[in-house]
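FYI, it's all coordinate maths here, none of it is from the lab. The structure displayed is predicted, hence computed values, not measured ones. No Cβ is skipped: glycine too gets one built from the backbone with ideal geometry, and neighbour counts run over all protein chains shown.
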Amino acid sequence: VPTRELYDLARRVGLEAAAYVRSARPAGRVDVASTKSSDTDVVTEIDEACERLIRERIFAARPDDGFVGEEGDDVIGSTGVDWVVDPIDGTVNFVYGIPMYAVSIAARHDGEIVVGHVVNIASGAEWGAVAGEGAWCHEGDDRRVLAAPTVARLSHALVATGFNYVPEVRAKQAAAMARFIPQVRDIRRIGSAALDLCALAEGQFDAYVEQGLKPWDLAAGGLVAREAGIVLSGLDGGPDERLVMGAHPAIAEEYFALVRACGF
Ligand code: IPD
């Protein structure tokens, strides 16, 4: 597959979508249009309009691809390429005006994520990755993102995390978190998995753990992290909806063992 072309399309559409969301966002709080899995799982009209815009642009360029988006029906394509899209990752932040929400666009080929682009809508900072070619940040001059060892000990690790929106799942996650927090420096719940994973790639976090993500939360940011050299793992090795753990290889094994021991 022409991964560079796919990347350029993801980036062009991601930037247009981010500009749309910036111009459409009213001052103050944004109205919640509906809720999904629970009262905390919110959707706004701007999420929906943003996904429609992304679908239109992608299908105008590549009419036969598949599409998996957070807000609309899946489309089965015939090219082997599927787009995995979160029009606003971090919708709760978006609603409250906390400037940590992103457009996340990834392309998958035969089941493997090959391209990912994440743009922080409020700041304009952008990260991208192409499988096998590395990860980069487009803020100012483009630069390669390469994860470097951060801490030597888990007790010094700052760990990004998030919680699922289903109350029973949250309660279990909180119990595992209660065992985990005393063993690390601290945790951050930024509210956008895509931005968490890009920040992990940049070394702003030492590690990451989350359960119950959806494919569109993980696809683009996960590729940025992996291409930067972060190890992402899950229950059966690969990260998936059930568990995503991430860390630099220098601490990954020890960190993954801690996460498992805490009952995540
Ligand atoms: C959410 C964010 C959040 C994560 C949730 C996701 P959304 O995505 O990525 O950080 O903890 O699990 O659902 O709903 O804002 O697109």
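The loop-placed trypsin sites (Lys or Arg not before Pro) in the range 198-264, going by DSSP, that have at most 13 neighbouring Cβ atoms within 10 Å of their Cβ come out as ARG242. Springs between Cα atoms under 10 Å define the GNM used for the chain, and in it the highest mean-square fluctuation of VAL81, VAL169, VAL92 occurs at VAL169. Charges were assigned to the Cβ only: +1 to each Lys and Arg, -1 to each Asp and Glu. The resulting dipole of the range 203-264 about its Cα centre is roughly 60 debye. Can you tell which of VAL114, VAL224, VAL184 shows the greatest fluctuation in a Gaussian network model of the chain with Cα springs below 10 Å? Sorting by GNM fluctuation, first place goes to VAL184.
Computing FRET efficiency as 1/(1 + (r/R0)^6) for GLU16 and GLU133, where r is the C-beta to C-beta distance and R0 is 30 Å, gives about 0.80. Averaging the Cα positions of each part gives two centres, and for the range 95-126 and the range 154-209 these lie 19 Å apart.
Axis of helix 3-24 versus longest Cα principal axis of the chain: the two differ by about 90°, to the nearest ten degrees. Dipole check for the chain: with +1 at the C-beta of Lys and Arg, -1 at the C-beta of Asp and Glu, and the Cα centre as origin, the magnitude is about 800 Debye.
In loop segments of the range 158-243 as defined by DSSP, the GluC sites (Glu not before Pro) with at most 16 further C-beta atoms inside 10 Å of their C-beta are GLU241. Rounding to the nearest 10 and keeping the result within 0 to 90°, find how far the Cα-based axis of helix 215-227 lies from the longest principal axis of the chain. Orientation of helix 215-227: about 70 degrees from the principal axis. Between ASP236 and ARG179, the modelled labels are 2.3 nm apart [label points 7 Å from Cα along Cα→Cβ]. Per residue, the chain reaches -11500 deg cm²/dmol at 222 nm when only DSSP H runs of four or more residues are counted, each adding -39500 (n - 2.57). Against the main long axis of the alpha-carbon atoms of the chain, helix 249-261 sits at an angle near 80°. A straight chain from ASP141 to ALA60 at 0.36 nm per residue would run longer than the Cα-Cα distance by 26.2 nm. Here the scattering of the chain is modelled by Debye summation over its C-alpha atoms, one equal scatterer each and no solvent; at q = 0.07, 0.14, 0.15, 0.17 Å⁻¹ the log10 of I(q)/I(0) is -0.22, -0.92, -1.06, -1.34.
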